[in-house]
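Down below is the structure, laid out as C-alpha cells.
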Amino acid sequence: MTTVSWLGDAEAKPAPGALRRVQALINTVDRESGQDRLAEAADAGPWLAANGLLGVGETLTRRDLDVVIAVREALRALVMHNAGGPPPDDAATAVLRTLADDGVVRVCVDGSSVSLTTDRISMRARLLALLLVIRDAQLDGTWGHLKTCANEACLWVFFDRSRNHGGTWCDMSTCGNKLKNRDFRARQRRSTP
Ligand SMILES: [Zn+2]
C-alpha cells in the first residue's frame, strides 16, 4: 500500500495557517539522508494529492514532477534569504516568474471578504496558489520567520517562533549541537600546537 506519510508530516517547528503548505513542499526532501518524497512519480503522486497539489484522479507526468521540484528549490532560495542568505538568483526567480506569468489570478468577493484565488485546475495553478500564500504571509509579517536551517547540509525549513526571531536551526538537538560540536573541535585543533 502506498503511504502518504513523510518526515515533514510531524514538523517540529510548523508554520502557521496556509504557510505550512509552502513549508511542507520545500521539506519534501531530506538533504542529509538523500530521501526525496518527490523523486519518483509513484511516490510523489499520493503526497501531492494529499497536499492539494494534484487533483483527484489526475495523473502525474515526469514533466509535472520536474516543475514541482524546480518550484520547490526556487521557494527554498526565497526562504534562505529570510535566514540571512543571498537574494534568490536569476534561475530561481525565473522559475517562479514563469509560474506567475502563465497563471491567472482572480479577485474573489464573498460577502465582506475580498481575496485572491487561482482556478486550481492545473498543477501550475495550484503551485501559483502557493505564491498567493507567500504574498499574504509577506503582508501579515509571518513570511520572514520561515527560514532554512543554518546547517548547509540540511536546509530544512522551520518556522522561527523564538522571541527575538533569531532562531537558526531546524532542531537544536540535531543540527545545532552537531555544528556546535564541529566548531568546538575545529577550535580545539587550532589551539593544539
Ligand atoms: Zn537542520
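The values are calculated or read from the model by the stated rules, or taken from the named source; none is laboratory data. Note that the coordinates shown come from a computational prediction; the quantities given were computed from them, not determined experimentally. Here the Cβ is made from the backbone with ideal geometry for all residues, glycine too, and neighbour counts use every protein chain on show. Quick note on the areas: whole protein, heavy atoms, side chains included, nothing else; ligands and nucleic acids left out. Shrake-Rupley method; radii C 1.70, N 1.55, O 1.52, S 1.80 Å.
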Conditions (1) farther than 22 Å from Asp89 by Cα; (2) charged (D, E, K, R); (3) open to solvent by 70 Å² or more (accessible area, probe 1.4 Å) -> Arg37 fails only (3)
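Let's see how each residue does on (1) open to solvent by 30 Å² or more (accessible area, probe 1.4 Å); (2) not in a helix (DSSP H, G or I); (3) not aromatic (Phe, Trp, Tyr):
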{"position": "Met80", "(1), (2), (3)": "yes, no, yes"}
{"position": "Ala91", "(1), (2), (3)": "yes, no, yes"}
{"position": "Val109", "(1), (2), (3)": "yes, yes, yes"}
{"position": "Val114", "(1), (2), (3)": "yes, yes, yes"}
{"position": "Arg135", "(1), (2), (3)": "yes, no, yes"}
{"position": "Gly144", "(1), (2), (3)": "yes, no, yes"}
{"position": "Leu155", "(1), (2), (3)": "no, yes, yes"}
{"position": "His165", "(1), (2), (3)": "yes, yes, yes"}
Going through segment 95-107 in order, the residues found to be open to solvent by less than 50 Å² (accessible area, probe 1.4 Å) and more than 20 Å from Trp143 (Cα to Cα) are Gly103
From the option list Arg97, Arg76, single residue qualifying as in a helix (DSSP H, G or I) and in contact (Cβ under 8 Å) with a residue 40 or more places away in the chain is Arg76
Of the candidates Ala41, Ala15, Ala49, the one satisfying the condition of being at pLDDT 95 or above and aliphatic (A, V, I, L, M) is Ala15
Checked segment 18-57 for anything touching a residue at least 12 places away in the same chain (Cβ under 8 Å), assigned to a loop (DSSP other than H, G, I, E, B) and of a type outside the set (A, V, I, L, M, F, W, C); matches are Asn27, Thr28, Arg31, Glu32, Arg37, Asn51, Gly52, Gly55
